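> Sending over a structure as structure tokens; questions will come in a sec.
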Amino acid sequence: MIKFFRKIRQKMLNENKFSKYLLYAIGEIVLVVIGILIALGINNWNEQQKIAKEETSMLKELKNSISQDIQQLNSLNMQGEEDIVSAEILINWLDNKVVYNDTLANHFPSITRTGQSKIFRPQNSTFRVLESKGIDLISNDGLKNQILNLYNIEYSHLNFVYDNYRQNILDYGRPIARTKFKVKGELGNMEPNDNEELKTNSELYNVLKILKLSNNSINSIIKEVLESCKKIQISIDNEIEK
């Protein structure tokens with residue numbers, strides 16, 4: 001093709017048709033520029049398609065990670081509800097509203113609980129990958145802000161509250177458990193060394209009040225985080241369906 005145009009130009013020069021040659025050369029330049037622009041446009045379109053595909057894949061992975069977080073949050077919420085019930089039962093006993101019975105041994109361990117039931121471990125590996133690629137991979141600014149708020153603020157705040165809860169258990173609950181109880185059975189139920197003496201223990205009463213209040217507060221936060229998770233999943237579905 002280049003040789004063909006070159007022959008035409010050379011023929012015009014040989015015939016002294018300079019004005020025609022000039023117009024032809026300009027036209028050829030315009031055609032080349034148009035060709036370049038078309039090629040760039042195709043490359044840009046291909047690149048945009050590649051980015052869009054990567055964004056969709058990332059959004060699907062984020063949705064899956066958040067689904068796992070929702071399961072964990074629901075489990076934590078259930079454990080919190082159980083601990084609230086245990087605190088209420090034990091407070092009623094200390095207030096002489098119920099007499100001591102063996103079932104209370106099932107509830108005393110709540111003053112020592114700091115393990116898996118009081119730790120939130122979000123599935124954040126996909127979010128970390130997104131951070132490394134650049135958060136602007138998410139084209140929807142509203143969805144982007146939702147994701148950043150969930151991982152950097154809401155999840156962090158929940159873990160901060162759990163850290164304080166576990167510290168209260170270590171500082172106040174476990175010392176009482178070590179000195180005032182004995183472990184009963186394979187389930188780790190706790191039985192008071194002296195029922196009557198324990199009923200006058202103001203530290204235990206205060207610990208139970210704090211744990212009830214803390215679990216109520218944590219569960220309120222969990223419900224807010226769950227709501228945010230579900231809203232993000234809906235936003236992700238809407239974005240993918242565009």
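> Write out the GluC sites (Glu not before Pro) in the range 143-226 meeting two conditions: DSSP loop, and at most 16 other Cβ atoms within 10 Å of their Cβ.
186
> Continuing with the same structure: Rounded if a/c is under 1.5, else prolate if a/b is larger than b/c, else oblate: which is the range 67-113, with a ≥ b ≥ c the root eigenvalues of its Cα gyration tensor?
prolate
> Could you tally the net charge around residue 66, taking each other residue with its Cβ under 13 Å from the Cβ of residue 66, Lys/Arg +1 and Asp/Glu -1?
Net charge in that neighbourhood comes out at -1.
> Any chance you could run the full-extension gain for residue 133 through residue 102? It's 0.36 nm times the residue separation minus the Cα-Cα distance, nm to one decimal.
Full-extension gain reported as 5.5 nm.
> Say a paramagnetic label sat at a point 7 Å from the Cα of residue 125, along Cα to Cβ; which residues of the range 52-73 have their backbone N under 19 Å from it?
Backbone N within reach: 57-73.
> Could you calculate the FRET efficiency of residue 195 with residue 240 from 1/(1 + (r/R0)^6), where r is the beta carbon distance between them and R0 is 45 Å, rounded to 0.05?
According to the calculation, E is roughly 0.15.
> Express in Å², to the nearest 10, the accessible area of residue 163 obtained by rolling a 1.4 Å probe over the protein heavy atoms while all chains stay in place.
The accessible area comes out at roughly 80 Å².
> Taking all protein chains in place and a 1.4 Å probe, what share, in percent, of the accessible surface of the range 94-241 do carbon and sulfur account for?
Taking all protein chains in place, the range 94-241 shows 48 percent carbon and sulfur surface.
> Would you please classify the overall shape of the range 125-212 from the alpha carbon gyration tensor, given that a ≥ b ≥ c denote the square roots of the eigenvalues, rounded means a/c under 1.5, and beyond that prolate means a/b larger than b/c while oblate covers the rest?
Prolate.
> Sticking with this structure for a sec: Using 7 Å Cα-to-Cβ label points, what is the residue 164/residue 203 separation (nm, one decimal)?
2.3
> While we're looking at this one, here's another question. So how do 205, 172 rank on accessible area, 1.4 Å probe, biggest first, that is with the largest at the start?
Reading off the accessible areas and sorting them downward yields 172, 205.
The values are calculated or read from the model by the stated rules, or taken from the named source; none is laboratory data. On a predicted model such as this, the values are computed, not experimentally measured, just so you know. Because the Cβ atoms are built from the backbone with ideal geometry, glycine has one as well, and the counts that use them run over all protein chains shown. Areas reflect the complete protein model, heavy atoms only, side chains present, ligands, DNA and RNA absent. Shrake-Rupley method; radii C 1.70, N 1.55, O 1.52, S 1.80 Å.
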